[in-house]
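Let me begin by presenting the structure, written as structure tokens, before commenting on it.
No value in this document is a laboratory result; all are computed from the given coordinates. Note that this is a predicted model, so its numbers are computed, not measured. All Cβ positions, glycine included, derive from the backbone under ideal geometry; neighbour counts span all protein chains shown.
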Amino acid sequence: MHRRFPSSPPERGGVAITLLVLLLLVLVLGTVYWTRAPLLRALGEWWVVDERLEPAQALVVLGGDSIQGDRLRHAVSLYRQGLAPRLVLSGPPLRTYLDEAELMKREALEQGVPADHLIVARHPADSTLAEALALRPVLAEHNFRKIIVVTSNFHTRRARWIFLAVYRPLGTQVLVSAAPDFRFAPARWWQERAGRAALAIEVLKTLYTLWEVSSLLPPPATPQGICLPGGTAL
């Protein structure tokens, strides 16, 4: 028969520390669970960029609008408020005979915007970065130096990042306005499948945009006095 020896003080201390850590972990998880709604709401509201607007030369409505036309409707509302006299309608092809920009033009006319206040910008861009680059000649042709980019609320953070990267070096001032979108309600996005999907996709696209936008940056200049292989001095 083996004799049992009492646990040593260090062993009892180790068990107590382990129990304390587990208790703290349970408290933290419980706190996160009970406060998840305010935290998730704060995340949704932070994700949406809706800048304080100033009068600009044009409202640029990005393609990829919802089936309800939320972006265009919001842009027309800003137009009626006198924030810009022109609407640049941006969009890729939807069919061989119809593109989104032309569809937005029809809807804008139905909402009372005069035809001569509309600029249709057709392009084959398949990403926000490609769209921003495709719009450069259009904005340059009309000499627009201050624009308001209108896009869906969940898309604003990434769109702002991209448009600033493309247009700030050109001296063009960019403001971003968030169009309310039925697919994403910041106050309850985690409760709805469409809201969860919209934010998850945007997060993934934003991570990819890190690489996309970095490709626009010029290579670092070589410092003065460095010698290249072969002894050539710069």
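Going highest first, how would you order 142-149, 96-103 by mean Cβ packing within 10 Å?
142-149, 96-103
Shape call for the range 103-220 from the C-alpha gyration tensor, a ≥ b ≥ c root eigenvalues: rounded (a/c under 1.5), prolate (a/b greater than b/c) or oblate?
oblate
Of the beta bridges DSSP finds with both residues in the range 46-182, what % are antiparallel, to the nearest 5?
Of those bridges, close to 10 percent are antiparallel.
Name the residues whose placed amide hydrogens come within less than 5 Å of the amide hydrogen of Asp181, ignoring near sequence neighbours (fewer than 5 apart) on the same chain.
It is Asn153, by chain and number.
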